[in-house]
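The values are calculated or read from the model by the stated rules, or taken from the named source; none is laboratory data. Remember, it's a predicted structure, so these values are computed and weren't measured experimentally. Cβ atoms come from the backbone with ideal geometry, glycine included; neighbour counts cover every protein chain shown. Accessible surface is based on the protein model in full, side chains and every heavy atom, while ligands, DNA and RNA are left aside. Shrake-Rupley method; radii C 1.70, N 1.55, O 1.52, S 1.80 Å.
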Amino acid sequence: MHVAVCDDNVADRKQMERLLDRESDKRNAATGCGLYIDSYGNEKAIFAHPMLYDVFYIDMCRTEGITGADVCKRLIEEGVTAPIYLCVSDIDYRSMGLASNQIRFLDKPIKTAELCVTLDEAVDIKQSAIPRIELRGKEGTLYVTEAEIIRATQCRRGV
């Protein structure tokens, strides 16, 4: 499972990485399935390949002009369907009225048991999700389900 962490506080980001690394080791030993963790200190980097991730943990509260809520809204606009956990610290994201069934909240300091619950939930969501197909073109990339494709033709090589 691919995990993205985006936190502009270095200490908090490193702590989350340590917690996720430990949890990855436990899951790998028990099931053979670990976690692939990418960690970002700014919002720009996370948008390079947001569809790669199965779960997001976000807290942006020290960067001027942007909050974790802004990052969350943009991820949803980009078409991300994975659960997004806004980590509540300096900003109380719960009080912002964010309306989406994929937005969840996790209080800092993060407790290991609560983190495990969020990861289990993300695994369940991933397993029940309808697979998406990536379609690339000159105008950009689309992510669609098989049912959304009306017609497809085989491309000739080199075209």
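Remarks
- Note on exposure: L135, L98, L142 ranked by accessible area (1.4 Å probe, complete protein assembly) read L142, L135, L98, with the most exposed listed first.
- Taking 0.36 nm per residue of separation and subtracting the Cα-Cα distance, full extension of the segment from V123 to D38 would add 28.9 nm.
- Placing unit charges on the Cβ atoms of the charged side chains and taking the dipole of region 1-73 about its Cα centre, the candidate lying farthest along the positive direction among L19, A48, T67 is L19.
- The local environment of I133, defined by Cβ-Cβ distances under 9 Å, has a net charge of -2 under the rule Lys, Arg +1 and Asp, Glu -1.
- For the chain, Kirkwood radius (reciprocal of mean inverse C-alpha pair distance, Å): 16.9
- Accessible carbon and sulfur surface of the chain relative to its total accessible area, %, 1.4 Å: 49
- Rolling a 1.4 angstrom probe over the protein heavy atoms with all chains in place gives the chain an accessible area of 63 Å² per residue.
- Segment A30-R62, extension gain: residue separation times 0.36 nm, minus the distance between their alpha carbons: 7.8 nm
- Electrostatic dipole magnitude of region 45-90 [Cβ: Lys, Arg +1; Asp, Glu -1; Cα centre; debye, to 20]: 20
- Per residue, the chain reaches -10500 deg cm²/dmol at 222 nm when only DSSP H runs of four or more residues are counted, each adding -39500 (n - 2.57).
- Bins of 5 Å, starting at 0 and running to the largest distance - Cα pair percent for region 92-141: 4, 14, 16, 16, 17, 14, 11, 6, 2, 0
- When the trypsin sites (Lys or Arg not before Pro) in region 69-159 are filtered for DSSP coil states and for at most 11 other beta-carbon atoms within 10 Å of their beta-carbon, the remaining sites are K138, R151, R156, R157.
- Value of relative contact order over region 5-159, rounded to a whole percent, pairs C-alpha under 8 Å and six or more apart: 17
- Between T31, C87, L135, the Cα set farthest toward the positive side of the dipole of the chain (charges on each charged residue's Cβ, about the Cα centre) is that of L135.
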